[in-house]
Amino acid sequence: MRKMILLGFLVLLSSAVALAQSQSQWTESGKLAFDVTKADVDAILKKMPAQGATDQLLRIVDMGKYNLAVGVVYRGPTTDKPGEQMTGTYHDQVAEIYIVLSGSGVLTTGGSRDKKPRPEYLLPTGPGGSAVVGPGAYSRKVQTGDIILIPPGVLHAWSKITDHVTYLSMRPDPERALPGGYVNPLLMNNPPAPTAP
């Protein structure tokens, strides 16, 4: 048991050192930009299950006056039935911008009732909860290439996904509910290769 704990500690320590080195490499040289490459997104998508919904953060960057999180979300087929009550989620402090990479489905926003705050804090989105879709909600078909902007506190729920929907989620965070400096462990040793200007 001690060996397992020691091994875990060493892995965390080496990850922290690698993160500090990679961040200092960029900031000390004056390159205050952070890249998320297609290879990064593909590496995370390969690790996601083919069913259900998975939301994986790629990184959270301190942008000065706010933090900005970038994640990739995969949603498999939904099991909703016509006339069935639909529930969704909302985030108290973090907005979301979806950029649909592939697939299609119906996204419903707004019109929340019976809000239930989530007791635990979730890393991808910060404080929030779930609610039932009610009067005033707006539903639309979303497909590859679409971009959706969801303000903080707005309910959002997916339905009618027959195959999948995969999208990037940009999360502006002016309240700094998300921890700046986070990098997905799968991307720790994958800095972009520099090229000549």
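The values are calculated or read from the model by the stated rules, or taken from the named source; none is laboratory data. It should be emphasised that the depicted structure is a prediction, and the values quoted were computed from it without experimental measurement. Cβ atoms come from the backbone with ideal geometry, glycine included; neighbour counts cover every protein chain shown.
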Residue check: is ILE161 touching a Ser or Thr at 6+ places or on another chain (Cβ under 7 Å), at pLDDT 95 or above and of a type in the set (A, V, I, L, M)?
-> yes
Got a sec? Which of THR108, THR79 is loosely packed, with under 14 Cβ neighbours inside 10 Å, modelled with pLDDT of 85 or more, among the β-branched types (Val, Ile, Thr) and within 25 Å of ALA137 (Cβ to Cβ)?
-> THR79
Give the residue, chosen from TYR90, TYR74, that is more than 19 Å from HIS164 (Cα to Cα) and within 14 Å of the chain's Cα centre (by Cα).
-> TYR90
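This table checks each residue for (1) over 17 Å from the mean Cα position of the chain (by Cα); (2) within 16 Å of THR87 (Cβ to Cβ); (3) modelled with pLDDT of 90 or more.
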{"residue": "GLY145", "(1), (2), (3)": "yes, no, yes"}
{"residue": "LEU149", "(1), (2), (3)": "no, no, yes"}
{"residue": "VAL154", "(1), (2), (3)": "no, yes, yes"}
{"residue": "MET170", "(1), (2), (3)": "no, no, yes"}
Conditions (1) without any contact (Cβ under 8 Å) to a residue 40 or more places away in the chain; (2) among the hydrophobic types (A, V, I, L, M, F, W, C); (3) surrounded by 17 or more Cβ atoms within 10 Å (Cβ to Cβ) -> VAL132 fails only (1)
For VAL100, all conditions in the list (1) of a type in the set (Val, Ile, Thr); (2) farther than 18 Å from THR54 by Cβ; (3) modelled with pLDDT of 95 or more hold save one; what is the number of the exception?
-> (2)
Which one of THR79, THR125 is closer than 21 Å to PRO185 by Cα, of a type in the set (Val, Ile, Thr) and out of contact with any Phe, Trp or Tyr (no Cβ under 8 Å at 6 or more places or on another chain)?
-> THR125
Which residues, counting only those in the stretch 135-157, are of a type outside the set (A, V, I, L, M), surrounded by 19 or more Cβ atoms within 10 Å (Cβ to Cβ) and part of a strand (DSSP E or B)?
-> HIS156
